[in-house]
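Bear in mind that the values in this text are calculations on the coordinates, not laboratory data. In this text, all values refer to a predicted model and were calculated from it rather than measured experimentally. A quick note on method: Cβ atoms are made from the backbone with ideal geometry, for glycine too, and the neighbour counts reach across all protein chains shown.
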Amino acid sequence: MDPMDEIRQTFFLECEDLLQALMEGLAAIEGGDEDPETVNAIFRAVHSIKGGAGAFSLDELVKFAHTFETVLDEVRADRMELTPALMSVFFRSADQLSDLVEAASVGDSVDAERMNAIMLELDALIDSDGSDAGEVEFEAIPLDFSMDFGDVEDDLPAPGGDSWTISFKPHATIFERGNDPVLLLRALAELGETEVTCNTDALPDLADIDTAQSCLSWDITLKGETVSEDDIREIFEFVEGDCDLTISFGAAADALPEIDLPPLGAPDEGEETGWELATPSQDADEPAAIPDLPELQEPAAAEAAPAETEKSSGASPARAESSRAGPTATVRVELDRVDRLINLIGELVINQSMLAQAVSNSGVPQDSPLMDGLDEFKRLTRAIQEGVMAIRAQPVKPLFQRMSRIVREAAAATGKSVRLVTEGEGTEVDKTVIERLSDPLTHMIRNAVDHGLEQTADRAAAGKSEEGTVHLTASHRSGRVIIEIADDGAGINRTRVREIAVEKGLIDPDAALSEAEIDNLLFMPGFSTAKNVSNLSGRGVGMDVVKKAIQSLGGRVTLSSTPGKGTTFTISLPLTLAILDGMLVRVADQTKVVPLTDVVETLKLNPSQVHGLSNADRGIMVRGEFVPLVDVACELGYRPPLDKLSHHVVVLTETEGGSRTAFIVDQILDQRQVVIKGLEENYHSVPGIAAATILGNGEIALILDVAALATGRNRLSDVIRAA
Amino acid sequence: MAEQQNQRREHEDKFISFWVGEQEFCVDIMSVKEIRGWTEPTRIPRAPDHICGVINLRGAILPIIDFAARVGMPVREPDASTVIVVTQNADQLVGMKVDAVSDILSLSTESMQPIPDIASESAKEFFKGVVTREEGMIRIVDLSRIAHVEPENLAA
C-alpha cells in the first residue's frame with residue numbers, strides 16, 4: 001500500500017476514536033459534568049481531527065472543524081456559557097463532523113445545505129474577537145506514530161508575563177548516580193505551568209553516540225509568581241554538581257522554540273524519553289490518542305519535546321477522572337487475523353472433543369493421568385477460546401452513541417422532546433453482532449420515538465412530563481446479551497392493533513388472541529400501525545424485518561407493553577456467533593443439538609401426562625402447567641407421527657418470550673460445547689435448524705432452532721393460517 | 001513436433017468420467033476439487049429427495065447431491081465403490097454421490113455434440129452436451145444446474 005494511503009487510513013481510524021471521545025464528552029456535559037477538562041477533551045478531539053484533515057487537504061472537514069473548534073474555544077475560555085441550546089448545536093455539529101469524516105473517508109461529499117446551516121449557527125455564536133472563523137491557517141506539522149496532530153499548531157498567544165527561566169544541562173555523572181531528568185522536570189511542573197524545550201544541538205549522529213554521555217539539555221519556562229528561586233533550587237538539590245543549572249526570573253523567552261525530534265537512540269535519557277512519546281506510559285490511564293494535556297497553550301514545539309509528558313503531572317486532579325474512560329494500551333489488528341484464529345480455535349474445540357471421545361472409547365480408567373491431562377486440556381481449550389472470543393468482543397458504547405444521534409434526529413423530525421438514557425454501555429458483544437445490530441436497533445429507536453412516545457400535548461394531558469424518555473439498556477443475562485429499548489409512551493393500543501390486523505387480513509375477525517399474541521402481531525409482515533405513514537419510520541421496513549435481522553444473529557426479540565406506561569422491546573443475543581453450549585440428543589437415529597440456553601429441564605415422558613385430541617395438538621402437564629408438546633423427529637419430517645409414546649424423553653425449553661415448549665426426543669446423550677457451522681455457506685438455511693456442528697467422531701449434527709420449532713405449531717400461526 | 005501436439009491440445013479440455021447406474025457421465029476436471037470415499041451424510045429435514053444430506057469436509061459443511069436422484073434415475077444404496085465427487089460450483093462446494101469414477105478424458109471441443117432433440121427435458125436441463133465414444137455415449141454434466149442447491153420454493 002502507498003505509505004500515504006496507510007497514514008490516511010490510520011487517520012480515519014484515529015478519527016473514529018476522536019469522534020467517540022467527542023460524543024462521550026458532550027454526553028458527559030449534558031449529564032451535568034462541569035469539569036473544565038471535559039470541555040478541553042472535546043476541544044482536543046475536534047482540534048486533532050482538524051489537524052489531521054489539514055494534512056490530507058480535506059478542506060471541507062478542516063473548515064467545519066475549525067469553526068466548531070472556535071466556538072468550543074470560547075466555551076473553554078469561559079467566554080461563553082454552556083446552555084442547553086448551545087449543547088444542541090454542539091451535538092448537531094458533532095453529528096455533522098462525523099458525517100464529514102465518513103464522507104471524506106470514502107471520498108464522498110456531504111449535504112452542503114445542512115452543513116452550511118450548522119456553520120452559520122456556529123458562526124453566529126462566535127464573538128467579534130473570534131471572527132476569524134472563515135479563514136483557516138495551517139502550519140507544517142510533524143507526524144508522529146500515533147498520528148496525533150493535536151495541539152501541534154495553536155492559535156492562542158504564547159504565555160506572556162513574568163516567569164522563571166531555567167536552563168538545565170545534566171552531566172554524564174547524573175546518570176551514574178541514578179538520577180533521572182524526567183523526574184526533575186516533572187517536579188518542576190508541579191510548581192506551576194511549565195514549558196519545556198529540549199535542546200538537541202549537542203546530539204551527535206546516531207553512529208557516534210556514546211550511550212554513557214549526556215547530550216541533551218533543557219530550557220524550561222516556569223510560570224508562577226509564588227514560586228521562589230529556593231523552591232526551584234530544592235528540586236535540583238540532589239543533582240547539584242552533576243549539571244549546569246541557571247535560573248533567572250524575567251520575561252519568558254519570546255522566540256518559539258524550534259521543533260525537535262525525539263532523540264531516538266540518544267544516551268540513557270534519550271531512550272527513556274523516546275519511550276514516552278510512543279506510549280504515554282508514565283500516565284498509563286491517559287488516552288493514547290490524545291497524549292497532550294490541559295496546557296493547550298503550549299507552543300508547537302512542546303509537542304515533540306521529550307519532556308512533553310512530564311508537564312502533565314501538574315494538571316488538575318480532575319484529569320485522572322476524566323481520562324479514566326480513555327483507552328488503555330491497544331493494538332489494532334486486522335479482523336481477518338482474529339477470524340482465522342477463531343476458526344482455528346473452533347477446530348481445536350472439535351479436535352479436543354474427538355480426542356476425548358477416542359480416549360474414553362479406548363477404555364482408559366477414569367482416574368488415570370491421561371484422563372487428568374485430558375481434563376486439563378479441555379479446560380485450557382475453553383480458556384483459550386474465551387480469550388479469543390474476548391478479542392472480538394466490543395463494548396456496545398459506540399453503537400449506543402450512534403443511537404443518541406438517531407433519537408435527536410427522530411425527535412427533531414416529530415417535534416417531540418425526547419431524552420435517551422443509556423445504561424450498560426460497557427457490555428461487550430461480538431463485533432459482528434454489533435455491526436449487524438445497528439440497522440434493527442436504529443429502526444426500533446425510531447419507532448420508539450415516532451410511535452411509542454405520544455405528542456408533547458398528549459403527554460401533558462396524561463399528566464406525564466413533557467419530555468419523553470427512551471431507555472436503552474444492555475446487560476449480560478444467563479449467557480446472553482440482553483438489549484432493551486423502553487419508552488415511557490402510551491403503550492400499544494391493542495384495540496387498534498387488532499383492528500388493523502383484521503383489516504389487513506392477517507387474522508380472523510373472531511380469533512381469540514391473548515394480549516401477548518396481539519402485541520406480537522406487530523412483528524407480522526405487512527403490518528404498520530401508524531395512521532399516517534410518516535417520513536420517519538414508514539420506510540416500508542416493518543418490525544418483521546427487524547425480527548428477521550435479529551433472528552439471523554441467533555437472537556430473539558420480544559415486547560411487553562403496559563397501556564399508559566410504555567412499551568419495552570427486548571432483544572436477546574448470543575454472546576458469540578461461533579460456539580455454543582449444547583445438549584446432544586438423539587432423534588430418529590440422528591444426533592441433534594439443543595442450545596443449552598433454551599433448555600429448562602428434561603423429563604422422562606409419562607404417557608399419562610400427555611393430553612390432547614390429536615397428534616398435532618398435544619400437550620403435557622408439567623407441574624400444573626400445560627405445555628405444548630412437539631415431536632422433533634416428526635416435526636423435522638424424519639418419521640410419521642407416533643401413535644404411542646413410550647420410552648421417550650422430554651426436553652422442556654423456554655424461549656425469550658417466556659413461552660415454553662416440550663420437545664420429544666429419543667434419548668439424551670451428552671452436554672458439550674459445539675462449534676457453530678453455518679449451513680448457508682454451501683447450502684442454504686433450513687427452517688427449524690439454526691446451524692450445524694461437527695461432533696467428536698467427525699459426524700455432523702444439526703443444531704435445532706428451538707423457537708422456530710416451537711412456533712411451528714404456535715396457536716397464533718394457526719389462527720393466521722386459518723384466516 | 002512437440003509444439004504441434006501442444007497446439008492441438010489447446011482445444012482439448014480434461015474431464016473426469018464416472019458411472020451412475022449403467023450410464024457414464026463426465027464433468028470438467030477444473031471444477032472437481034477432490035474425490036472421496038462414501039461417508040454416510042447427516043440428513044437435512046425437509047430437503048428435496050436428491051439431497052442426501054451434509055458431511056464434514058475438513059471442518060466445512062458439504063451438502064451431498066444424489067446424482068441418480070437428481071437426473072431422475074433409480075437410486076442405489078451406497079456400496080464399497082460409491083464415491084463423492086467434490087465439485088466447486090461458483091462459490092459453493094457441493095458433493096455428488098456417484099457409483100464409481102472411471103477415467104480422465106481429454107475431449108476436444110469439436111467432439112462434443114449438443115443434446116439430441118429427442119432427449120427428455122431433464123436431460124437437456126442438466127447436461128451441456130454429449131460425446132460419443134466406441135463404448136457408448138457420455139453426457140457432459142452442466143454443474144451449474146446439477147449442483148444448484150438454492151431453496152427451490154423459497155417464495156412459497
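With Cα atoms as the point set, the stretch B:12-146 shows a radius of gyration and Dmax of 14.5, 44 Å. Peptide B:89-96 has a mean shielding of 2, counted as Cβ atoms of other protein chains within 10 Å of each residue's Cβ.
Toward the positive end of the charge dipole of chain B, with +1 on the Cβ of Lys and Arg and -1 on the Cβ of Asp and Glu, the farthest Cα among B:Met137, B:Trp38, B:Asn56 is that of B:Asn56.
Structure remark: mean-square fluctuation, Gaussian network model of chain B, C-alpha springs under 10 Å; the largest value among B:Glu24, B:Glu40, B:Glu110 belongs to B:Glu110.
Across the stretch A:597-713, C-alpha contacts under 8 Å between residues 6 or more apart give a mean separation that, scaled by the residue count, equals a relative contact order of 21 percent.
With 21 Å as the limit, write out which pairs from B:Lys14/B:Lys128; A:Lys378/A:Lys431; A:Lys50/A:Lys431 have Cα-Cα distances beyond it, or answer none.
A:Lys378/A:Lys431; A:Lys50/A:Lys431
Of all lysines in the structure, those lying under 19 Å Cα to Cα from A:Lys416, and not within fewer than 8 positions of it along the same chain, are A:Lys464, A:Lys531, A:Lys565. Exposure proxy ranking for A:Ser362, B:Ser102, A:Ser475, A:Ser163, based on other Cβ atoms within 10 angstrom of each Cβ and starting from the fewest, stands as A:Ser362, A:Ser475, B:Ser102, A:Ser163. Evaluating kT/(6 pi eta Rh) at 4 °C and 1.567 mPa s, with the Kirkwood radius of the stretch A:579-722 over Cα pairs in the Stokes-Einstein relation, gives 83 µm² s⁻¹. Considering Cα pairs under 8 angstrom that are at least six residues apart, work out the relative contact order of the stretch A:396-574 and quote it in whole percent. Relative contact order of the stretch A:396-574: 24 percent.
Where does each of A:Leu553, A:Leu441 land when they are ranked from fewest to most other beta-carbon atoms within 10 angstrom?
A:Leu553, A:Leu441
Averaged over the residues of B:52-59, the number of partner chain Cβ atoms lying within 10 Å of the residue Cβ comes to 5. Computed from the alpha carbon atoms alone, the convex hull of the stretch A:396-574 holds 114 Å³ per residue. When only alpha carbons are used to place a centre, the stretch A:162-209 and the stretch A:337-400 end up 52 Å from one another.
In plain terms, the residue of A:Thr495, A:Thr173 with the fewest other Cβ atoms within 10 Å comes first and the most crowded comes last, giving A:Thr495, A:Thr173.
Averaged over the residues of B:38-49, the number of partner chain Cβ atoms lying within 10 Å of the residue Cβ comes to 5.
For the stretch A:3-134, the spread of Cα positions along the three principal axes, ordered from largest to smallest, is 43, 27, 23 Å.
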